[in-house]
Structure formats: C-alpha cells, structure tokens
Amino acid sequence: MEHFLRKFAAAHHKRVPRLTGRAQELLLGAEWPGNVRQLENCIEQAVVLSERDTIDVDVLPLAEAGGKRGSEASKPGLPAGLTLRDLEQQYILQTLDGVGGNRTQAARQLGSAFAACSTS
C-alpha cells in the first residue's frame, strides 16, 4: 500500500498521503479478486480523490460496501469538485477494476461507452 501511495502521489504531483487506521483495516480486510492490480487501482483512485494529507475510508472506492466487492460497491458516484479529467480517470480506473485489470477488455468497454456518449 505504501509503495502505491508514493508512486501515485508522484505521478499526480501530490504530497504522499497517509492511510488512516480505519482505511488500512478496510484495505487489509477487503477481498481482492483482481489481486495486486485491483489494490493498485484502488490506491490510485484514493490518491486522486483525496484532498487531504490523509486517506480515510470516505475516498476508498470500496468504502460503501465495507470492503465487499459487488454490484452495489461498483456503482459510480460523482464527488463534488472534481475536474472532468479526474472524473474520466476515475471512470477508467473503475472500468479496469471491474475487469480485473484486463486492459484490452477495459479498452473495449471504454471505447463502447465513449462512442455511445458521442453519438447522443
């Protein structure tokens, strides 16, 4: 978790945030069928969404379900104050997470989603 925090803080030009105890417990207790890639996506999303020096359960994409991954946990929310670029990145990360990190499958889904948006 610490490795991914440092990696994505640098990539997004942010200070390295700390995980709260509750956030660490949630991450450690979560089911990770996508293994390391899924955890990596989760941490990146939290770093992007966090506006503080700490990451608590409120910015973890699995917080709503108490760490359980299911259809309710994957419903996208629209946090206030994000740029369109941040929202797009969040959508891409959620799609990757939903396909277990398979980039080809995610690209197909995203291509279909963006094509549908541009034709309406």
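A short reminder: the numbers here are calculations on the coordinates, not readings from a lab. Keep in mind it's a predicted model, so treat the numbers as computed, not measured. Positions of Cβ are generated from backbone atoms using ideal geometry, with glycine treated the same way; all protein chains shown enter the neighbour counts.
Extension gain, VAL16-LEU110: 0.36 nm per intervening residue step, less the Cα-Cα distance, totals 30.9 nm. Put simply, when 46-55, 96-105, 6-15 are sorted by average Cβ atoms within 10 angstrom per residue, most first, you get 46-55, 96-105, 6-15.
Residue by residue, segment 20-26 carries 3J(HN,Hα) couplings of 6, x, 5, 5, 4, 4, 4 Hz when phi is fed to the Karplus relation 6.51 cos²θ - 1.76 cosθ + 1.60 (θ = phi - 60°); x denotes Gly or Pro. The distance between label points at ARG52 and ASN35 comes to 3.4 nm (points 7 Å beyond Cα on the Cα→Cβ vector).
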